[in-house]
Each structure stands twice: as C-alpha cells, then as structure tokens.
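Notes follow once the structure below has been shown.
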Amino acid sequence: MNLTLQRIRRLAALAIKGKGGKLGLVYCVVVLLLGLAEIQVSVKLIAWSKDFYDALEKLDGGAALWQIGVFAMLTAASAGLYLVGNYIRQLVKIRWRTTLTNASLDRWMKNKAYWHLDTAESSALDNPDQRISEDCRIFVERLVGGTAVMGSSGSVLDFIIGLIGLTTYAMLLWNLSSFPLSVELFGRSFEIAHYMAWAAPIYVFVSSGLTHWLGAPLMKLNAMYQHREADLRFALTHFRESKDAIALSGGEAAERRAIDRRYQRILENWRQRIRQELILGCFTQPYMLTVLRIPLFLAFPAYLAGHVALGGLMQLSSSFQKVVTSLSWFIFYYKYLAELAATSNRLGHFLAEAEAAADQPPAIAARPSPDGALHVRDLTLRDPRGAALLHLPELRVEPGEAVWIDGPSGIGKSTLIKAVCGLWRHCSGHIGMPPGKMLFLSQHAYLPLGSLAAAVTYPDEPDDVASVKALFARVGLSCPRHEQELDRAEEMAKDYKLSGGEQQRLIVARILAARPDWVFLDEATSALDADAERQLFGVLREALPATGFIVIAHREPRGLGDYRHVDLRDAAYSSGRRDSRQGEREMALEPV
C-alpha cells in the first residue's frame, strides 16, 4: 500500500511539474472552490427540507409554493456550479494527461531506453504502448474526475471535496440531533446524546470494512485484466503486420489458435471479475438502495417522542444522508480505487524501468578518434546471458574506405554494429569514433508513419518533393504510383505498399538524401539481385566518394569499388567452438 501511495504521489507530481501542469493545479483549486459553493447550496437544501415539510404539515399552500420556487433556484445554482466545475476538470485532464504522456515518452525514449527495455531478458515490463496511452489517461481521470452526468466520479479530487463537505455536514448533524435516545437494556435505562451523529460513522465504518473484505480481490483481477487485454491487442497487431508471411504459409489456423488462447485468458479473468463483482454487489447494491432510507428509520423515534416536527425530521434525515453519503465514498467507488491503484502500479513500474534503462551507462565509453579513422580494439561481444559471441582484436577503417564484414549467421555481425553504435551493453573493449555524420541502417528497412517523401528523408523532414523525386529516379523507384504517393501531403498519405526490394532501394535513397560521412549497412541489399545491388552501390560510391562504408553482408558488395574483406570467422568464438577453416586463412585486410 505504501508503494502504491508513493507511486500515486510521484505520478501526480510529474503531471503537475510539466509544461502547463501548474495551471492545471490552479484549475483544481477553482474546482475545489466551486465544490465548496456546492456544499453551501446543499446545506441550504437541507434547511429547505424543514421549511417545505413544515409548510405541508401546516397545510400552508402559499408557503409551500414559495418553497418550490426556492428549490428551483437552489437546483439551478447547484447544476450551474457542477457544470462549470466539470468543464474546468476537463481542461485539467487535457493538461495533465499531456504532461504525463510527455514525461512517459521522454523517459521511454531517453538514451534509447525503449530499445534496451525490449531486448533485456531480465525486464518484466510488458506493453509499454498501453502504459503510455491507456494508463496515463486512466490515472488522470481517477485523479481529477469529471463526468457528463451529475454526481461524483470517484476521483481523488472528489474525495477531497467530499472530505470538506463531511466536516460541514457532520457539524450540522451534531447540532440538529441534540436530543438523546433512551434505551432500556437489562432492566436499566440508558441515554445516548446526539445518537444520530454517532450512528452515521459507525454504520459506514462497518459497511466499509465489509466492502474491502469482499472487494479486495478485484484489485489484482483488474490489473490482470489490463495485461491480458494488451496481450490480445498485441497478437492482433502482430497478425496484421505479418499478413504476407502468414498467408503464404497458410498459417491462419495456427494464428487463430494463438489468438484464441489469449482471448480465453481474458474470458477466464472476466468470469473471475464478474463473480467477485457479484459478491461485492450483494452488499453494496442493497447498501446504496437503503442508504437514503436509513436516516428516516433512525430519526423516527425522535419524531414519535415529539423531539422534532415533520420538517425537522426531514431536515435531520437529509443531513444524516449527507454525512453517510460522504463517509460512504469508499464503498460507492471502491472499484475506481482499485483501478487507480492498479494503474498507478503499472505506470509507476514502467517509469521506473524506463529510467533505470536510460540511466545505465554504455558498456564501452566510445572516445573521439585521434586521427579521424574508426578504431575498434580488443572488442568482446556477449549475449544477454553472458555467453561469448565474438572477439575482434582490432579493426581500423579510414575515412572514405569501404569494408565488407562477412561471417556465418549468429556469429555477431549485427551485434557488432550495435556495439559501435552504443546500443549493445553486453560487451567490452575500446572504440574510437571518428568525427562527422553517421548513419546506421538495420537489416530491416524501416518505413515510418507519414508520407513516402518523409520516409526517404527520415529522420529529417523533407525539404521539397522535387528533390525526393530526383532521388527516386536515381535508385530506380520512379513510377506513376510512387509519383502520386510523393505528391500527397503527409496528413493525407495512406499506407504505401513497397516490396522488399523497393524498400531497400528507398533506403539507398535515404543515404543519398542524408549524405553522411559514415554509413553502416546491415544486409541492406539482401532483397535485391546482384545486378541491382551492383548498380545501387555504384550510385552510392559515385555520389558519396568521401563516405566510409561498413557493409555487413553474406555476399560480396560489388559496385563499391575497392574494399577490404573482414571475415569474422577468423576472430570469432562462440561457447568454445571455432570455425573449421580458421587455421587456413588470416583476417583479410588487403584490397580486393
């Protein structure tokens, strides 16, 4: 419980400290003031109950009609205060969800924490997209509240307003219930002064204890529900994104089984939740139906004893009802409390994991190169479990030089690029980074959301479509369909369809647009035939003669001109096994 409260406090602080968050705090103060005004209107309505029913008891029609007019004015005032307060709550939610979402995104992306969280075997974090999108929204709603209908929304802000109102209503009830209750017990007479004021908290305290006892399992079940829903969404998204491979393999039945298993887990949790809600509802529903009548039953002896008239009875009943309702906030909104606790724990855990991943220093502190060349010395790569992948004694690449890095699958070629880039933390050694702009391209062509022109200049914004069209022509992508896509504004662009080979041609266009000093390519032309690969490498070398190219590929990168061939099998070890041809060659460092 302490950890949950700490996380709620920390998340609230993040929402307030962000840009525009402090103004949201001012808005909350305004909502509290409006809530206080609503409480005063409620006190007036309690007094109105006495005046109205006294008029009815006296058969005074004129006074009764006047009180109806007073009731209409008080109701209009209460509704107006609520609607204004609800509008301001929505403004707070916009601001605080924005600041909390920005804080989550900042921590998720800082120092590439998103990558380390997704690849770390020790991380128990799941569905960070849901944490940022769904949990930020739920947390702010449970913090601020605000609904489209009259009544409390079970938020922390409502709780504070209710707590202030409770003080007012309790004092009023104490003053109204000045008469004692006489009780005969075991032949002795007892009198309980202000018994109505004592009955309210005792009644609610016992009811709250029963509510917590019956509803405690809902917290765990609600947290589990969010996880399982996210797993189903992930499976459906994975199915959509892998549609080509699934369709070619005829894997619909296997995918359906995987999706069905996840949905069955949702159904299992669903049944558990509705059973637990039924158990809880067996107490809370009768409680909510009777809470408005209990005051009349408790005040009825005072009416029969002549301590109060009919108007006083209704006034006493209304004040008791307000006290009980305020005290019953825990009972009425227990489900929302469970949701707030579960959301705070999920979101707080996500932020803690993201911060830990972002703050972890790189395994190798890359230093500036003293002579402008890329230096890799005594580099050892390991997998996340600590098993050795590759040992590279030394690699030096001069500016403008081309190097082809070769080796069997699984030896650590892609990991080598990640280590040079600073991503891979399971390594040791020394790296000297040369000056200039570097471009690292993975073996899977990345096509960002947005227009086709933005995909070419990613991560920069496109200057003009004409230059992008010229790049398309140079890499062999010019066609009427692509011309039409390039003419679309980004907000009007739809999902463009590119084959694997077209995607890799687009990556070559991206290199031409960026004009980097160093390019690291990881199987960037694997989907192209040899002639197309030769032509594209020729375009790159012609356009970027001073650029250094480090190419990871299983086949010779023809078209780059002179290059050095580094075969990692000459320097690799994996769990004590060495390549059988290791003794037959030396690391090839001569021009081919």
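Coordinate-derived values only; no laboratory data. Here the structure is a predicted model, which means the values were calculated and not measured. Cβ atoms come from the backbone with ideal geometry, glycine included; neighbour counts cover every protein chain shown.
For the chain, the mean residue ellipticity at 222 nm estimated from helices alone is -20000 deg cm²/dmol, where every DSSP H run of n ≥ 4 contributes -39500 (n - 2.57) and the total is divided by all residues, rounded to the nearest 500. Amide H contacts for GLU394 (H built 1.01 Å from N in the peptide plane; partners 5 or more residues away or on another chain; cut-off under 5 Å): ASP378.
Among the DSSP helices (H) of the chain, those spanning at least 15 angstrom by Cα along their long axis with an average Kyte-Doolittle hydropathy of -1.0 or more are 2-17, 21-57, 61-109, 156-176, 195-215, 217-241, 252-290, 294-304, 310-327, 334-359, 500-514, 530-543; this is a geometric and hydropathy rule only. Here the gap between ALA387 and LYS22, fully extended at 0.36 nm per residue and compared with their Cα-Cα distance, gives a gain of 126.4 nm.
Name the trypsin sites (Lys or Arg not before Pro) in segment 345-391 that are in a loop by DSSP and that have at most 11 other C-beta atoms within 10 Å, would you? Intermediate results must be reported in sequence, preceding the final value.
Values: sites: ARG346, ARG377, ARG382, ARG385; in loops: ARG385.
Listed in order of number, the matching sites are ARG385.
The alpha carbons of segment 367-584 give a radius of gyration and a Dmax of 18.5, 59 Å, in that order.
Extension gain VAL84-ALA247, at 0.36 nm per residue separation less the Cα-Cα distance, in nm?
Contour length minus the Cα-Cα distance gives 53.2 nm.
Counting pairs of alpha carbon atoms under 8 Å apart in space and at least six apart in sequence, what relative contact order in percent does the chain give? Before the final figure, lay out each step's value.
Values: 832 pairs, mean separation 82.5, N = 592.
Reported relative contact order: 14 percent.
Determine the shape class of the chain: with a ≥ b ≥ c the square roots of the Cα gyration tensor eigenvalues, call it rounded for a/c under 1.5, and otherwise prolate if a/b is greater than b/c, oblate otherwise. Don't jump to the answer; show the numbers that get you there.
Working: a/c = 3.32, a/b = 2.69, b/c = 1.23.
The shape class here is prolate.
Legend: distances between Cα atoms for LYS93/LYS335; LYS437/LYS469; LYS22/LYS110; LYS437/LYS497; pairs beyond 26 Å are LYS437/LYS497. Only lysines eight or more places from LYS112 in sequence, or on another chain, were considered; those with a Cα closer than 16 Å are LYS418. The Cβ shell under 12 Å around LEU74 holds other residues with a net charge of -1, Lys and Arg each +1, Asp and Glu each -1.
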